[in-house]
C-alpha cells in the first residue's frame, strides 16, 4: 500500500514534535503529503476566567501563533517542505483528529504517546489511545525520546548492586 497522505497531530509540546521524524521518513519514502494538525481545545471561561476565550480576536491571535510555530518547523524539521500542509482547527482534539483523517482520506496517523502532560500521563486514557481506538486508518504511535531515556534510566536505577 502506497501512502499518499500522512497526518501528524501536534499539541506543539516538545513531546508531540517527536512524531515528525518518523512521519518525515515515511513521507519521503512514499512521496506522501504530510499534514501537521494542531487542534486548539475550546476552553470555557469557567475553567480559566483569567482569559477571555470568547474573544474572536484572542482566538485568531492564538491560531496565528500556532501557524507561525508550524511554519518554523517547515525549515527546521521537514524534509520536503513542498509536501507539507499546516492545519489549525478548534474543538475537541480527538474528535477533530478523527474527523480530519476521514475528511482528507488520510492513509496513516503518526502520533506520540505523550503530549503536553508529559510524564504525568501515560498511554492509557490519553489522546493517543483514543485516536487508536477511533481511527479509520492505521496509527503509528511513537514513544518520545525523552520518555524512552527516562524509562531507561529508571530501569537501571532499580537494578540492585547488592551481591
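Nothing in this text is a laboratory measurement; each read-out follows from the coordinates by a stated rule. No experiment lies behind these values; they were computed from the predicted model shown. Virtual Cβ from ideal backbone geometry, glycine too; neighbours counted across all protein chains shown.
Structure data summary
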quantity	calculated
Nearest-0.05 FRET efficiency for residue 61 and residue 21, computed from C-beta distance (R0 25 Å)	0.25
Against the rule of thumb 2.2 N^0.38 Å, how large the Cα Rg of region 68-114 comes out	1.28
Separation in nanometres of the label points that stand 7 Å from Cα toward Cβ, at residue 102 and residue 31	3.1 nm
Label point distance in nm, residue 42-residue 140, each placed 7 Å from Cα along Cα→Cβ	3.3 nm
Sorted by Cβ density within 10 Å, fewest first, the residues 29, 15, 100	29, 100, 15
Residue order, fewest to most surrounding Cβ atoms within 10 angstrom, among 89, 133, 82	82, 133, 89
